[in-house]
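The values are calculated or read from the model by the stated rules, or taken from the named source; none is laboratory data. Bear in mind the structure is a predicted one, so any value in this text is a computation, not a measurement. As a convention, Cβ positions derive from the backbone with ideal geometry for all residues, glycine included, and neighbour counts pool all protein chains shown.
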Amino acid sequence: MDLFGEHGYPNVSVKRVCDHAGLTQRYFYESFADRTALLVAVYEECVTTARAEVLTAAAGYLDDGHPIAADDVTPAARAILGTFLDTLSGDPRRARVILFEVVGVDPTVESVRMRAIHDWAQLLLSLIMGERAPSPVQRLAAVGLIGAITQLLVDWYLLSVATEHVDIGTTEPADLGTILDVLVEMLTATYDRLMR
């Protein structure tokens, strides 16, 4: 995570990983098929960490396996999304790995990334719907919310963290508090319109 999160996957060779870790390349290849397999492992660890934090934040709103109560959706969204934002912003390396370094690497990595997006959407659905089977529209809404969360975090990272300038049409930093407010409103409105 140190190397991919600070220098980017394309700029990190197996030799550089081994030098950084104080290991031989032989040891590396006993653990990973190649550099891409290491990227997938780092990405999955970052997602697992973020998911554990989210589940911890959600636990206070879940009652004996039941979904989040309708009256608690807004405060739960604020707590859960706030925790997720804190987890990524607390370690920009993790944010870079999750948001950038796995995008478009190859079809295998892209499949891992897409599955993670759909797993996040399924987690969202299970938190607010419990055991009820979601409709196709509800599934699409959940994936769309995950996409919105991701894009707003990409903007935050590019405008507030990244050292390389990328022209995204604005130079106004994306404040995490404002992003959280927008995401809570989006999630609450989607819940009210499509998921009750």
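Worth a mention:
- Listed by first and then second residue, the pairs with beta-carbon distance under 7 Å, at least 6 apart or on different chains, first residue in the range 116-141 and surrounded by 13 or more Cβ atoms within 10 Å (Cβ to Cβ), second not in a helix (DSSP H, G or I), are Leu125/Pro134; Leu127/Pro67; Leu127/Ile68; Ile128/Pro67; Ile128/Ile68; Met129/Pro67.
- Failed item, numbered, when Val137 is tested on (1) under 16 Å from Leu194 (Cβ atoms); (2) part of a loop (DSSP other than H, G, I, E, B): (2)
- Just so you know, in the range 1-52 the residues that are among the polar types (S, T, N, Q) and closer than 30 Å to Gly82 by Cα include one that is surrounded by the fewest Cβ atoms within 10 Å (Cβ to Cβ), and it is Thr48.
- Summed over the range 18-54, the residues that are without any contact (Cβ under 8 Å) to a residue 12 or more places away in the chain and of a type in the set (A, V, I, L, M) give a count of 6.
- Helices (runs of 4 or more DSSP H) fully within the range 1-108 that include at least 3 residues being of a type in the set (A, V, I, L, M, F, W, C) and either touching a Gly at 6+ places or on another chain (Cβ under 7 Å) or farther than 25 Å from Ile179 by Cβ (or both): 14-21, 35-59.
- Scanning the range 58-88 for residues that are farther than 17 Å from Ile146 by Cα and crowded, with 17+ Cβ neighbours inside 10 Å gives Tyr61, Leu62, Pro67, Ile68.
- Of all residues in the range 148-172, those being touching a residue at least 12 places away in the same chain (Cβ under 8 Å), surrounded by 13 or more Cβ atoms within 10 Å (Cβ to Cβ) and either in contact with an Asp or Glu (Cβ under 9 Å, 6 or more places away or on another chain) or not in a loop (DSSP other than H, G, I, E, B) (or both) number 11.
- Filter result for the condition that a residue is more than 24 Å from Gly82 (Cβ to Cβ) and hydroxyl-bearing (Ser, Thr, Tyr), over Ser160, Ser135: Ser135
- Residue pairs whose Cβ atoms lie under 9 Å apart, separated by 6 or more positions or on different chains, with the first residue in the range 103-114 and farther than 17 Å from Gly5 by Cβ and the second at pLDDT 95 or above and polar (S, T, N, Q), are Asp106/Thr36; Thr108/Thr36.
- Looking across Asp86, Asp2, Asp91, one residue alone is under 30 Å from Ser160 (Cα atoms) and in contact with a His (Cβ under 8 Å, 6 or more places away or on another chain). It is Asp2.
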